[in-house]
Amino acid sequence: MTTAADFATILILAGPQGGAAAPPYPAVIVAILILARLGAELWLSRLNARYVRSHANEVPEAFRAIIDEPAYKKSVAYTLAKSRFGNLEDAFNTAVLLLVLFSGILPWMFGWFTGGLGESAWAMAAFLLAAGLALSLPGWPLDWYAQFRLEQRFGFNTSTQKTWWADRFKALLLAVALGYPLLALILKLVQWTGAWWWLWAWAALLAFQFLMLVLAPVLILPWFNKFTPLPDGELRERLFDLARRTRFRAQSIQLMDGSKRSRHSNAFFTGFGRFRKIVLFDTLVQQLTAPELEAVLAHEIGHYRRRHIPKLLACSAAGSLAGFWVLSLLARQDWFYRAFGFAPGNVAPALLLFALLAGTVTFWFSPLLHGWSRRYEYQADAFAAEAMNGAESLVSALRKLNEKNLSNLTPHPLYSGFYYSHPTLLEREQALVGKDH
Ligand SMILES: [Zn+2]
């Protein structure tokens, strides 16, 4: 048993000392943090599953007008099946992470790379990329199961094996083609710019992300999906009329063949400035009426007009700046390398360890980020209700989307508070009705 006093000693001893001895404590603390995250994930999941089950016997009062008994039962079954699978996934990912960190496999791989290729930035970028790709492999069978068993069972999967494997292959090629030069550049910047390398690396990452924002809709997304302009007709008239009314200069509204992979439906926004376009999944267009689609588009325009996108980008840039700064501090500590079996001296292992461990810490910030995101969703909803002269069409669109996607209508408030980037159907309706009166 570890008592509180022991734990305090561990914390004190693990402080950054940079000494020659390699205290095992940083490793112990990292293991505790990783397990704490898993504990929180499983606890939240159990809380949520129990809450859903306690409402499972009959459709709750608030939803009787919206959803019939069979559809409700199906949404409960889907939620519980996803929850069980999620638990398995969380436990598996934790086990893989612990194994990778503490088995010595990473230092072995590092030695193998430096032995064969040396320690140049190009060789180290290859090491990081290879490690990243190797670490993504254990998750593939779970992804496959989620798509072809879980989603299949509830009628969502429309993907073929061929599409699934082609997606993997394309993603791999992209990771190599884009990731390798970026990693090599960052490692070069460490050599060129000295103590302030983290600031330069951050600027390089930002420039890269900016470039992707412009290029992805044009070069990358069309590689995975077919995009076609929304055909002439009532719907197109309606949507462009809405764009004019809300002073949104739409370059184009495009249809995406989302049905190639799944029956889940969605709408999103890509690019910015002149490259801005609105994308509607073909599944969404099949499920909703013209006024409902107009309301969904009004919601998306709401995000744009309230300047949510630049604000989120600024927040993410601030987050990555903080990340690079912390990384630069850790990369100077000998204990950080030694705790995981590396010899200090080359920054590449610090980069890899940081990438592996960042999620253990950022996980605890998710309620904050998601709370922020939910505030933006309310604002976009309010904008849509105003643009549509009332909330009716948005409410009926949201109801349909929740039903078609078998969304969990009764998440535990702690669970949705922690994980949900969008408010629940009930929360959104209440906010909209509040605005109506
Ligand atoms: Zn939204």
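The values are calculated or read from the model by the stated rules, or taken from the named source; none is laboratory data. For clarity, every value in this text was computed on a predicted model and none was experimentally measured. Backbone-built Cβ (ideal geometry, glycine too); neighbour counts: all protein chains shown. Heads up: the accessible areas ignore ligands, DNA and RNA and are worked out on the full protein's heavy atoms, side chains in. Shrake-Rupley method; radii C 1.70, N 1.55, O 1.52, S 1.80 Å.
The figures follow:
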{"item": "Output for region 121-142, where each listed residue is free of Cβ contacts under 8 Å to residues at least 40 places away in the same chain and surrounded by 14 or more Cβ atoms within 10 Å (Cβ to Cβ)", "result": "ALA123, ALA130, SER136"}
{"item": "Candidates TRP198, TRP144, TRP122, TRP108 - the one that is under 26 Å from ILE34 (Cβ atoms) and in contact with a Leu (Cβ under 9 Å, 6 or more places away or on another chain)", "result": "TRP198"}
{"item": "Failed condition for HIS422, given (1) at pLDDT below 95; (2) open to solvent by 30 Å² or more (accessible area, probe 1.4 Å); (3) assigned to a loop (DSSP other than H, G, I, E, B)", "result": "(1)"}
{"item": "Unique match (being touching a strand residue (DSSP E or B) at 6+ places or on another chain (Cβ under 9 Å), in contact (Cβ under 8 Å) with a residue 12 or more places away in the chain and not hydroxyl-bearing (Ser, Thr, Tyr)) among VAL296, VAL218", "result": "VAL296"}
{"item": "Candidates ALA207, ALA175, ALA184, ALA195, filtered to the one that is closer than 28 Å to TRP325 by Cα and open to solvent by less than 30 Å² (accessible area, probe 1.4 Å)", "result": "ALA184"}
{"item": "Any hit, region 156-163, residues being in contact with a strand residue (DSSP E or B) (Cβ under 6 Å, 6 or more places away or on another chain), open to solvent by less than 40 Å² (accessible area, probe 1.4 Å) and in contact (Cβ under 8 Å) with a residue 40 or more places away in the chain", "result": "yes"}
{"item": "Number of the exception - ILE309 against (1) out of contact with any His (no Cβ under 8 Å at 6 or more places or on another chain); (2) within 25 Å of ARG244 (Cβ to Cβ); (3) of a type outside the set (S, T, N, Q); (4) open to solvent by 30 Å² or more (accessible area, probe 1.4 Å)", "result": "(1)"}
{"item": "Qualifying positions in region 277-289 - open to solvent by 10 Å² or more (accessible area, probe 1.4 Å), more than 20 Å from GLU429 (Cα to Cα) and part of a helix (DSSP H, G or I)", "result": "ASP282, VAL285, GLN286"}
{"item": "Residues of region 227-253 satisfying the condition of being assigned to a strand (DSSP E or B) and at pLDDT 90 or above", "result": "PHE227, THR228, PRO229"}
{"item": "Matching residues in region 55-109 - criterion: being under 29 Å from the mean Cα position of the chain (by Cα) and of a type in the set (S, T, N, Q)", "result": "SER75, THR79, SER83, ASN87, ASN93, THR94, SER103"}
{"item": "Qualifying positions in region 260-272 - over 13 Å from VAL218 (Cβ atoms) and surrounded by fewer than 18 Cβ atoms within 10 Å (Cβ to Cβ)", "result": "LYS260, SER262, ASN266, PHE268, PHE269"}
{"item": "Options ALA62, ALA95, ALA49: the member that is over 30 Å from LEU351 (Cβ atoms), open to solvent by 50 Å² or more (accessible area, probe 1.4 Å) and part of a helix (DSSP H, G or I)", "result": "ALA62"}
{"item": "Yes/no for ALA380 being more than 24 Å from the chain's Cα centre (by Cα) and open to solvent by less than 40 Å² (accessible area, probe 1.4 Å)", "result": "no"}
